[in-house]
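Colleague: Below is a structure I'd like to ask you about.
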Amino acid sequence: MSGQNRFVSPFHRPQFLAAAAPAGKAKLTHPGKAILAGGIAGGIEICITFPTEYVKTQLQLDEKANPPKYRGIVDCVKQTVNSHGVRGLYRGLSSLLYGSIPKAAVRFGVFEFLSNKMRDETGKLDSKRGFFCGLGAGVAEAVFVVCPMETVKVKFIHDQTSANPKYKGFFHGVREIVRAEGLKGTYQGLTATVLKQGSNQAIRFYVMTSLRNWYKGDDPNKAINPMITGLFGAVAGAASVFGNTPLDVIKTRMQGLEAHKYKSTLDCAIKIMKHEGPMAFYKGTVPRLGRVCMDVAIVFIIYEEVVKVLNVVWKTD
């Protein structure tokens, strides 16, 4: 009996629980680390994937003319290189690079801030809450970064197709847009952008959260190999493409040089459906699918690896 008492003694049992508790609780990522890691990941990723973004935007802007300017992805690349050289595929990179760093920083910073508030007592974030955290992150990045950045980028790319391009560079282009249209000229298609980015990140973080929880099982601190993270990111990216490409097409039209043709986001959608048919909402899907899968995979891999380094050099616990 005395042996039993010593085994369950209050002097031993709390000590056992205290030692076991930290091992079963997921480690949280400080929002500051998320902002820094997200910015680094966003900058590296866009330098790798920009040509696919360029082609996607060109195909979406290539409305059904008589006849269309491009016959597909390869033809778009060929015509661009023949006319402007390989550097033509990077037209508009500066505007996207200046925006990609703060965009990813805001996205991951807001996501980690919200998710830290919504995790359960073990530190686990379920997929449903991951969806809403992603939605909040997407809306934040749309309002503060994506809409003005994307508007400038689309105008730059569209400007290249004009007989006499008028934008000489990023700052010159921004200055000209603001001078001619005011600050609101950089916020064309805000509603469509919020819808697109909100749904984008909601879908991506929902899928990533679901896959991570499945992979980790009962061990919330189980390490994930970077290749596995990349695979999960590619799946999340593909899901977001099929889920919201129509919104991406509408957003691009609302931000182009011919945006004045549309009275609102709804009017844009109606006119596309009326004049071009439902398949127009999926124009540019293939190049976007390739870019987004690669984009999301790269961003999540770099983000996770940078966070690991920051956890070593930046103590926040």
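Colleague: Would you say residue 282 is of a type in the set (Ser, Thr, Tyr) and open to solvent by less than 40 Å² (accessible area, probe 1.4 Å)?
Modeller: no
Colleague: If a residue has to be under 25 Å from the mean Cα position of the chain (by Cα) and either open to solvent by less than 10 Å² (accessible area, probe 1.4 Å) or free of Cβ contacts under 8 Å to residues at least 24 places away in the same chain (or both) to count, how many in region 157-173 make the cut?
Modeller: Of the residues in region 157-173, 4 are under 25 Å from the mean Cα position of the chain (by Cα) and either open to solvent by less than 10 Å² (accessible area, probe 1.4 Å) or free of Cβ contacts under 8 Å to residues at least 24 places away in the same chain (or both).
Colleague: For residue 229, indicate whether it is touching a Gly at 6+ places or on another chain (Cβ under 9 Å) and in a helix (DSSP H, G or I).
Modeller: no
Colleague: Related question: Go through (1) farther than 18 Å from residue 40 by Cβ; (2) in contact (Cβ under 8 Å) with a residue 12 or more places away in the chain; (3) not acidic (Asp, Glu) for residue 110 and report which single condition fails.
Modeller: For residue 110, the exception is condition (1).
Colleague: Restricting the search to region 182-192, which residues are of a type in the set (Val, Ile, Thr) and modelled with pLDDT of 85 or more?
Modeller: Answer for region 182-192, where residues must be of a type in the set (Val, Ile, Thr) and modelled with pLDDT of 85 or more: just 191.
Colleague: Given 261, 222, which one is within 22 Å of residue 158 (Cα to Cα) and either assigned by the TED database to the domain that holds residue 34 or surrounded by fewer than 13 Cβ atoms within 10 Å (Cβ to Cβ) (or both)?
Modeller: 261
Colleague: Given the conditions (1) more than 23 Å from the chain's Cα centre (by Cα); (2) modelled with pLDDT of 95 or more; (3) of a type in the set (Lys, Arg), which single one is not true for residue 179?
Modeller: Among (1) more than 23 Å from the chain's Cα centre (by Cα); (2) modelled with pLDDT of 95 or more; (3) of a type in the set (Lys, Arg), residue 179 violates only (2).
Colleague: I'd like to check which helices (runs of 4 or more DSSP H) are fully inside region 44-153 and have at least 3 residues that are farther than 22 Å from residue 193 by Cα and open to solvent by 40 Å² or more (accessible area, probe 1.4 Å).
Modeller: 73-84, 93-118
Colleague: Now a separate question. For region 231-258, how many residues are surrounded by fewer than 21 Cβ atoms within 10 Å (Cβ to Cβ) and either outside the structural domain of residue 214 (by the TED database) or small (Gly, Ala, Ser) (or both)?
Modeller: Residues flagged as surrounded by fewer than 21 Cβ atoms within 10 Å (Cβ to Cβ) and either outside the structural domain of residue 214 (by the TED database) or small (Gly, Ala, Ser) (or both) within region 231-258 amount to 4.
Colleague: Okay, next question. Only one of (1) open to solvent by less than 70 Å² (accessible area, probe 1.4 Å); (2) closer than 22 Å to residue 99 by Cα; (3) more than 16 Å from the chain's Cα centre (by Cα) fails for residue 193. Which number is that?
Modeller: Only one criterion is unmet by residue 193, namely (3).
The values are calculated or read from the model by the stated rules, or taken from the named source; none is laboratory data. Computed from a prediction, not measured in an experiment: that's the story for all the values here. Cβ: placed from backbone, ideal geometry, glycine included. Neighbour counts: every protein chain shown. Heavy atoms of the whole protein, side chains included, go into the accessibility calculation; ligands, DNA and RNA do not. Shrake-Rupley method; radii C 1.70, N 1.55, O 1.52, S 1.80 Å.
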